[in-house]
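Structure first, then comments.
The values are calculated or read from the model by the stated rules, or taken from the named source; none is laboratory data. On a predicted model such as this, the values are computed, not experimentally measured, just so you know. Using ideal geometry, Cβ is built from the backbone for each residue, glycine included, and neighbour counts are taken over all protein chains shown.
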Amino acid sequence: MVYLATKNAGKREEFDALFAGTPIALRTYAAYRDPLEGEHSYTDNAALKANALREQLLAAGIAADVLADDSGLEVDALDGRPGVITADYGGAGLTWAERRRVVLDELAAQGDVDRSARFVCYLHFIAADGAVMTAFGDVRGRIATEERGVSRISFDSIFAYGADGRTFAELSPEEKNAVSHRAVAVARLLDEIG
């Protein structure tokens, strides 16, 4: 059993699907409290979340494996923004729809620019015995000019992937989970765990 450091139901659903058919079964800890994340490093944030969950579990008398991720969207024409502050981009308290609108508006204001972008995911795994493993995954795409599809999580409805240009929100969950940044990172972590 591996405890996942998240309160985000959409993220939990994606990770459940990505680990399906592997020896790893995920669960969440209802009392998990998110630590205050930094603004400079995905790897540091993933480690921070994993360590926070591990400490909270140990304080409750639970010694278990833990997994945390930090993910973000990096848009080339925006100098890599939203980046590490993806979850708070545009200001605290905005909805995901409002954050997507901020990105679309910033690109529109620049005129005809390169809309290339990538999603990144850093994973931090701490085994019950304290051993640490990390993995990174990314996927390149482009920012669409408008939202398309049913957005299940973050910037999916504006991130266009592949030759047909469908957004992550237009892909089925199975299609997205075959190519996403999280899928790449999970595959690499599973290789490392062996």
Item to check | Single residue of T43, T86 found to be modelled with pLDDT under 95, of a type in the set (S, T, N, Q), assigned to a helix (DSSP H, G or I) and within 27 Å of L190 (Cα to Cα) | outcome: T86
Item to check | Residues of segment 1-49 satisfying the condition of being within 15 Å of the chain's Cα centre (by Cα) and more than 27 Å from S151 (Cβ to Cβ) | outcome: D44, A47
Checklist entry - Applying the selection to segment 82-97, what residues are farther than 18 Å from D44 by Cβ and without any contact (Cβ under 8 Å) to a residue 12 or more places away in the chain? => result G91, A92, G93, L94, T95
Checklist entry - What do you reckon, is S157 among the hydroxyl-bearing types (S, T, Y) and assigned to a helix (DSSP H, G or I)? => result yes
Next on the checklist: E146 - would you say it is farther than 24 Å from D44 by Cβ, crowded, with 18+ Cβ neighbours inside 10 Å and more than 14 Å from the chain's Cα centre (by Cα)?
Outcome noted: no
Next on the checklist: So, L67, is that one among the aliphatic types (A, V, I, L, M) and not in a loop (DSSP other than H, G, I, E, B) or not?
Outcome noted: yes
Checklist outcome for this item: The correct count of residues that are surrounded by fewer than 16 Cβ atoms within 10 Å (Cβ to Cβ) and within 18 Å of L4 (Cβ to Cβ) in segment 60-82 is 3
Checklist entry - Residues in segment 67-92 that are among the basic types (K, R) and more than 23 Å from Q110 (Cα to Cα): how many? => result 0
Item to check | Matching residues in segment 115-154 - criterion: being more than 19 Å from G72 (Cβ to Cβ) and assigned to a loop (DSSP other than H, G, I, E, B) | outcome: A127, A128, D129, G130, A131, T145, E146, R148, G149, V150
Item to check | Subset tally (residues that are among the aliphatic types (A, V, I, L, M), in contact with a helix residue (DSSP H, G or I) (Cβ under 8 Å, 6 or more places away or on another chain) and touching a residue at least 40 places away in the same chain (Cβ under 8 Å)) for segment 162-189 | outcome: 2
Next on the checklist: Under 6 Å between Cβ atoms, which residue pairs at least 6 apart in sequence (or on different chains) link something in segment 1-14 that is in a strand (DSSP E or B) with a partner that is among the acidic types (D, E) and surrounded by 15 or more Cβ atoms within 10 Å (Cβ to Cβ)?
Outcome noted: V2/D65
Next on the checklist: Just to be sure I understand, how many residues within segment 154-194 are among the hydrophobic types (A, V, I, L, M, F, W, C), under 25 Å from I24 (Cα atoms) and surrounded by fewer than 18 Cβ atoms within 10 Å (Cβ to Cβ)?
Outcome noted: 5
Checklist entry - When the residues of segment 157-194 are filtered to those that are modelled with pLDDT of 95 or more and of a type in the set (K, R), which remaining residue is nearest to E98 (Cα to Cα)? => result R166
